[in-house]
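What follows draws every value from the coordinates through simple rules; no lab data is involved. Bear in mind the structure is a predicted one, so any value in this text is a computation, not a measurement. Heads up, the Cβs are rebuilt from the backbone with ideal geometry, glycines too, and the neighbour counts pull from every protein chain shown.
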Amino acid sequence: MRVLEIGTGTGWNAAILASLVGPTGHVTSLEIDPDVAAHARDRLSGSGVRVVPGIEVPDDVVYDAVIATCAVSRVPPAWIEQARPEASIIVPWGSYSGSHASPVAALRKTGPQSAVGPFVCEAFFMRDRTQRVPVGEFPGMGRESETTRVVPFTPEDLVTDDRLVRFLLMLPGVRIGTGVRPFNGDRGRIVYMGAPDSSWAYLWPDGSVHGGGPTPLAERLRETHALLAREGWPGLDEFSLAVDTSGEECRVRTRFGTWEHRV
Ligand SMILES: C[S@@+](CC[C@H](N)C(=O)[O-])C[C@H]1O[C@@H](n2cnc3c(N)ncnc32)[C@H](O)[C@@H]1O
């Protein structure tokens, strides 16, 4: 089996891959940082792993499997193009830089330029260095609340069982995460949301949602919660990701909806 890893780092994962593929297999590992690549190459000497500094996928091999150990929003075309038909392409994915999670999708190459597959676990990976963009100001920072409403759930409810990851998949274009803010003379966990038009919303520990701006984020949060509750809180593996090399869209699908993410 021929495996491509993106992000050699310490070389730990590459060493495991080398032992899994055995002497007849082949592991190529790409590392963007030349110093990190040089150290990993020393550590991995004798393992059979080929460590390649940089981001260019060597095109002398057609890979049976690709595994990224850094998170992406756009799957680089070469990761798909250099894989054989039906190859596994494992990617931690988050639709925007700085997303609070990067759940791992186990894609399968379904066409020369496309891949699709389920999310298989919650994760938070370092971002692919070529896809880092400044995350911008924290949503709502220094703004007065324009609207208040109350919803029948709290931030704690949303972090239970990684529920917030599902919101991230179902709310394209919305930055969502958790933070800690002063609350009732103490500190409390909030869920924050932000939209590109500067709309913002905070869900507080008492279920109140304060916010502002033209996008009704509190309502979108409530609707998404209601849909997930109605569907019985489907597991992450009921969500799949479809990507292709042509555009800037990724599609998240479940049996009860499809969400286009512009990435
Ligand atoms: C979480 S670490 C990888 C862990 C590693 N697989 C291990 O077993 O230690 C992510 C690595 O990906 C590298 N990286 C980030 N973006 C990259 C890219 N576009 N191409 C190759 N390497 C990249 C980083 O420099 C970092 O070393």
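Taking square-rooted eigenvalues a ≥ b ≥ c of the alpha carbon gyration tensor, is segment 25-66 rounded, prolate or oblate, where a/c under 1.5 means rounded and, failing that, a/b exceeding b/c means prolate?
Taking the square roots of the gyration eigenvalues as a ≥ b ≥ c, segment 25-66 is oblate.
Give me the percent relative contact order of the chain, please, defined on Cα pairs under 8 angstrom at least 6 residues apart.
15 percent
Express in nm, to one decimal, how much length is gained between Ser208 and Phe124 on full extension, taking 0.36 nm for each residue of separation and deducting their alpha carbon distance.
27.4 nm
Which percent, nearest 5, of DSSP beta bridges in the chain are antiparallel?
70 percent
Grab every C-alpha pair in segment 101-249, bin the distances at 5 angstrom width from 0 up to the longest one, and report whole percents.
Whole-percent P(r) values from 0 Å outward: 2, 8, 16, 20, 19, 15, 11, 6, 2, 1, 0, 0.
Please compute the Kirkwood hydrodynamic radius over the chain, one decimal place, Å, based on all pairs of different Cα atoms.
19.8 Å
Could you state the angle between the C-alpha long axis of helix 12-21 and the longest principal axis of the C-alpha atoms of the chain, as a value from 0 to 90 degrees rounded to the nearest 10?
It is inclined by approximately 50 degrees.
Tell me the label-point distance for the pair Glu86, Ile55, using the 7 Å Cα-to-Cβ offset, in nm and rounded to one decimal.
With each label placed 7 Å out from Cα toward Cβ, I get 3.2 nm.
What is the Cα centroid distance between segment 181-257 and segment 143-157, reported in whole angstrom?
So the two Cα centres are separated by 12 Å.
Rounded to a whole number, what is D in µm²/s for segment 147-230 from Stokes-Einstein with the Kirkwood radius over alpha-carbon pairs (37 °C, 0.692 mPa s)?
258 µm²/s
Using the beta-carbon distance between Val150 and Arg108 and R0 = 45 Å, what value does 1/(1 + (r/R0)^6) give for FRET efficiency, to the nearest 0.05?
Result of the calculation: an efficiency of 0.55.
Provide, in order from the shortest bin, the percent of all Cα-Cα pairs of segment 1-132 in each 10 Å bin, continuing until the bin that contains the maximum pair distance.
14, 44, 36, 6
Want the number for Glu223 to Thr160: 0.36 nm per residue separation, take away the alpha-carbon distance, what's left?
20.9 nm
Evaluate E = 1/(1 + (r/R0)^6) for Val180 and Arg255, where r is the Cβ-Cβ distance and R0 equals 41 Å; express this FRET efficiency to the nearest 0.05.
Working from the Cβ atoms, E equals 0.70.
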